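Following: one structure in structure tokens, then a few remarks.
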């Protein structure tokens with residue numbers, strides 16, 4: 001067992017992304033917590049102030065790759081190469097950053113940022129939540145999502161919106177994507193939802209079933225679920241339902 005000591009941040013191994021520590025006062029506290037390189041850290045338990053033990057070093061996969069190391073496991077091919085996302089008037093930087101990370105993870109080709117949605121070039125704080133995904137995912141800004149959607153449809157793209165109405169189809173009833181055209185999945189404002197003009201011209205309206213007392217999820221969470229589900233579906237001559 002490692003001896004108890006007041007840990008200096010310099011004890012984090014070079015190249016590591018951070019480390020996990022454990023409070024030595026196991027009877028009264030015993031908290032186990034992470035410290036990322038660059039975080040303010042005084043070398044003691046942030047809860048009770050007792051000394052801590054260094055219990056594990058951590059190197060993130062992307063840092064290992066950048067340092068010439070191999071990422072664990074087999075490289076996964078990009079799944080969502082026919083899917084694009086449209087963020088219609090999102091007001092939260094945290095949500096926009098989460099959407100960038102979802103897009104990167106699911107292999108989304110492009111993010112359309114519309115209306116009041118923050119963009120990386122005009123809102124530097126977005127990088128704190130996107131964690132670099134704003135550099136790996138292509139994006140563009142458009143003042144009017146409805147005008148953009150109409151132009152994309154004219155170019156052969158299908159517009160699907162994540163919203164609940166009388167004609168909406170459950171996300172989990174979708175088992176294939178169109179083979180002849182890309183799909184842009186749009187999600188709307190955190191309070192008012194998708195612009196009615198966008199819903200009106202959409203090729204498909206889809207929703208996530210809710211089984212509890214609430215009728216909706218956080219927009220970034222909902223978009224992530226929908227994106228990964230659609231990215232996993234095979235392309236077919238036309239979309240099909242179960």
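All of the numbers you see were taken from the coordinates with simple rules; none came from a lab. The shown structure was predicted, so the numbers you read here are calculated from the model rather than taken from an experiment. Every residue, glycine among them, receives a Cβ derived from its backbone with ideal geometry; neighbour counts consider all protein chains shown.
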Length released on extending from residue 147 to residue 116, taking residue separation times 0.36 nm less the Cα-Cα span
9.7 nm
Between residue 172 and residue 138, take the C-beta separation as r, use R0 = 35 Å, and let me know the FRET efficiency to the nearest 0.05.
0.75
Residues 142, 110 in order from fewest to most other beta-carbon atoms within 10 Å are 110, 142
How many percent of Cα pairs in segment 83-234 exceed 22 Å?
34
Ascending count of other beta-carbon atoms within 10 Å, so fewest first, for 114, 44:
44, 114
How would 210, 31 line up from fewest to most surrounding beta-carbon atoms within 10 angstrom?
210, 31
On a full-extension model of 0.36 nm per residue, what is the gain between residue 109 and residue 92, subtracting their alpha-carbon distance, rounded to one decimal in nm?
3.9 nm
By how many nm would the segment from residue 179 to residue 37 lengthen if fully extended, with 0.36 nm per residue of separation less the alpha-carbon distance?
46.6 nm
